[in-house]
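The values are calculated or read from the model by the stated rules, or taken from the named source; none is laboratory data. The shown structure was predicted, so the numbers you read here are calculated from the model rather than taken from an experiment. Glycine gets a Cβ as well: all are built from the backbone with ideal geometry, and neighbour counts include every protein chain shown.
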Amino acid sequence: MKQLALTLVFGSVFGWTLCGQVNPPTFLCVNNDTLFWETPDNTCGPFIAYNIYASQNEAGPYSQLASVTDANQDFYIHQNAGMGVWYYYLESDYDCPGQPVLQSDTLDNRIPETPRLRAVSVSGTTVEVSWEPSPSPEVVAYILYRSVPGQGNVVLDTIFGATSFPDTEGNPAERSETYFIEAIDACGNKSLIADPHSTILLATEGSDPCERSIGLSWNRYEGWQQGVDNQEVWVSRNGGAPELAATLDGNASSYTFQNADDAVEYCFTVRAIERNTGVEAASSQACITLDVVQAVRELVVTNATVTDNEEVQLSWVWNPTAEISDYAILRSSDNNNFSAIESGAPPTPLTASNTYLDSGANPSGGASFYQVQTTDGCGEKVSSNIVSTVFLRASAQSGVNVLRWTPYLNALGALQGYSLYRIEGGAPVLLSDHGPNTLEATDNDIDLSDPEQARACYVVEARAEATLSDSTVVAVASRSNTACAEQEARIYIPNAFSPNEDGRNDEFRPFLQFGAPAAYTLSIYDRYGGQLFESTSINEGWDGTSDGKPVPVGLYAYYIRIEQGNGKVIEESGEVSLLR
């Protein structure tokens with residue numbers, strides 16, 4: 001259709017000024033065979049006529065139907081128009097030489113084209129009705145109807161200059177509301193009524209306390225010509241922000257919400273989405289609060305660590321609102337065959353963070369694996385993740401100590417790395433830090449001339465981050481058992497001594513280069529096998545006497561036995577010369 005156009009002509013008359021143009025009548029409408037318009041305001045020159053052009057083809061050609069010479073006339077009757085469709089537009093004829101002549105809108109003699117309802121969407125107790133405007137330019141308003149039980153279709157309002165309307169008088173929480181709309185022009189011609197749209201009415205139904213579910217049901221959205229593409233179920237908890245619970249196909253009319261919590265108000269809304277357009281229509285909101293047996297939802301074992309007393313402390317969290325009838329702490333040495341080390345009803349009231357000290361573990365014998373299991377009031381069992389301790393082994397090799405450990409395990413944790421400590425004076429001293437994939441280190445900083453360093457003890461600590469069910473990240477540290485390495489004692493045995501009381505080499509005894517024995521024996525024998533001397537102190541040697549009397553110069557047999565702290569036994573035997 002031809003649209004009203006404005007042409008601005010600028011000239012130079014004492015600067016830039018707006019020149020005239022010949023505006024057409026404002027074409028209002030066509031009622032049967034009568035055209036109606038509003039007369040224009042043209043001041044560029046004297047009025048001559050209003051020219052009316054007509055065609056039975058919208059694309060033309062158009063020919064002049066009539067010329068109205070009365071400047072105040074605002075209608076024209078098209079005689080003998082017949083039953084066909086006619087298209088018209090108007091021009092004004094003024095004595096305005098050189099000025100552009102504009103054309104009116106092109107209107108036809110049919111009723112306005114039908115508008116299309118876009119959506120009827122529920123917001124609280126209000127139904128937001130929106131529609132696409134009628135393509136007919138003569139439309140001046142829209143008449144909106146709602147279907148009322150027992151009354152039929154009731155006019156809600158006649159809306160000018162808008163394509164939406166908030167209906168606050170309906171009852172969308174109790175019934176599905178149906179709406180109709182039609183367009184009207186200035187002549188009172190009405191379009192056909194558009195296809196109705198109906199709101200979505202949502203209902204909820206609770207389950208028994210152990211099912212912990214909420215049933216949703218609704219009528220499918222009606223009115224979209226392209227149909228419903230999909231539907232979204234949204235839920236808010238205790239007045240919080242809505243969250244998407246599910247996306248369903250366009251034919252769904254029910255949904256079961258699982259794992260509902262006790263004493264929580266759930267409010268649901270279903271949103272239908274039109275195919276190919278993305279237009280949305282929300283249902284009424286339906287709220288419900290259930291009395292259910294509170295399930296265990298946040299069972300996470302955060303850590304297992306070895307204490308200074310070589311016991312294992314286990315840490316875990318669970319939701320303190322859970323109705324737990326029984327729980328068990330399980331332990332395994334191979335991450336396969338678990339057995340309960342603690343079970344029964346949990347202490348009340350429940351706390352979110354919990355610990356257990358396992359004094360029956362043997363962390364120096366290998367890694368220990370742990371898991372927590374619960375049973376709620378409905379008999380539903382929940383198992384936590386599995387965590388393990390770190391098992392450290394230390395071995396002495398040619399003046400250095402080699403440390404090896406098992407990896408820290410936590411299925412819900414992210415291992416950051418390991419820290420290796422040496423125990424000095426009863427306190428751990430950091431030796432080195434290692435990445436999460438390193439399971440071996442070497443302590444080269446051992447002074448073999450220092451007897452105190454012959455036996456060194458170590459612990460390794462795993463640094464990790466455990467992720468809880470609510471995505472909270474907790475930093476944890478898992479300490480290993482204490483592992484010790486003892487360098488083998490090195491013995492120097494003299495082959496002769498001279499007990500002449502000159503203060504030099506007066507007694508026979510071995511010398512340890514480093515280390516302190518846990519047990520020690522030195523025995524001296526004559527050539528006939530008779531025992532002349534025995535000592536259990538590394539600092540006490542043989543002075544060449546037997547029963548307090550000096551023995552003759554000669555060769556004497558010795559036997560030395562040293563037992564180290566790690567259980568290793570060193571035995572030496574031979575002969576020593578006694579000189580005087």
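Quick notes on this structure:
- Set 493, 524: member being of a type outside the set (D, E, K, R) and crowded, with 19+ Cβ neighbours inside 10 Å: 524
- Note on region 557-574: among residues that are touching a residue at least 40 places away in the same chain (Cβ under 8 Å) and in a strand (DSSP E or B), the one that is surrounded by the fewest Cβ atoms within 10 Å (Cβ to Cβ) is 574.
- Figure legend. Inter-residue proximity from region 36-55: first residues over 26 Å from residue 82 (Cα atoms), second residues aliphatic (A, V, I, L, M), beta-carbon distance below 6 Å, spacing 6+ or different chains. Indicated pairs: 42/22; 47/71.
- The sole residue among 220, 237 that is under 30 Å from residue 134 (Cβ atoms) and modelled with pLDDT of 95 or more is 220.
- Looking across region 497-512 at every residue that is of a type in the set (Asp, Glu) and touching a strand residue (DSSP E or B) at 6+ places or on another chain (Cβ under 8 Å), the one that is modelled with the highest pLDDT is identified as 507.
- Residues satisfying the stated conditions in region 530-539, i.e. touching a strand residue (DSSP E or B) at 6+ places or on another chain (Cβ under 8 Å) and either part of a loop (DSSP other than H, G, I, E, B) or not aromatic (Phe, Trp, Tyr) (or both): 531, 532, 534, 535, 536, 537, 538
- Flag for residue 122 being crowded, with 20+ Cβ neighbours inside 10 Å and part of a strand (DSSP E or B): yes
- Of note, residue 157 does not satisfy the criterion of being more than 30 Å from residue 285 (Cβ to Cβ) and assigned to a strand (DSSP E or B).
- Failed item in (1) farther than 30 Å from residue 464 by Cα; (2) free of Cβ contacts under 8 Å to residues at least 40 places away in the same chain, with residue 229 passing the rest: (2)
- Subset of region 364-408 (residues that are over 36 Å from the mean Cα position of the chain (by Cα), at negative phi and assigned to a loop (DSSP other than H, G, I, E, B)): 364, 365
- Checked against (1) modelled with pLDDT of 90 or more; (2) out of contact with any Ser or Thr (no Cβ under 7 Å at 6 or more places or on another chain), residue 481 passes all but a single condition, namely (2).
- Residue within region 313-325 that is of a type in the set (Gly, Ala, Ser), surrounded by 15 or more Cβ atoms within 10 Å (Cβ to Cβ) and within 29 Å of the chain's Cα centre (by Cα) present: yes
- Set side by side, the residues 181, 143, 159 differ, and just one is assigned by TED's automatic domain parsing to the domain that holds residue 123, crowded, with 16+ Cβ neighbours inside 10 Å, without any contact (Cβ under 8 Å) to a residue 24 or more places away in the chain and under 30 Å from residue 58 (Cα atoms), which is 159.
- Looking across region 285-301, the residues that are assigned to a loop (DSSP other than H, G, I, E, B) and buried (at least 16 other Cβ atoms within 10 Å of the Cβ) come down to 285, 290, 292, 293, 294, 295, 296, 298, 299.
- Unique residue being in contact with a Lys or Arg (Cβ under 7 Å, 6 or more places away or on another chain) and buried (at least 21 other Cβ atoms within 10 Å of the Cβ) when the list is 282, 304, 272: 282
- Hits in region 25-62 (condition: among the β-branched types (Val, Ile, Thr), closer than 10 Å to residue 92 by Cβ and not in a strand (DSSP E or B)): 39
- Subset of region 358-381 [of a type outside the set (Gly, Ala, Ser) and under 17 Å from residue 315 (Cα atoms)]: 358, 363, 369, 370, 371, 372, 373, 374
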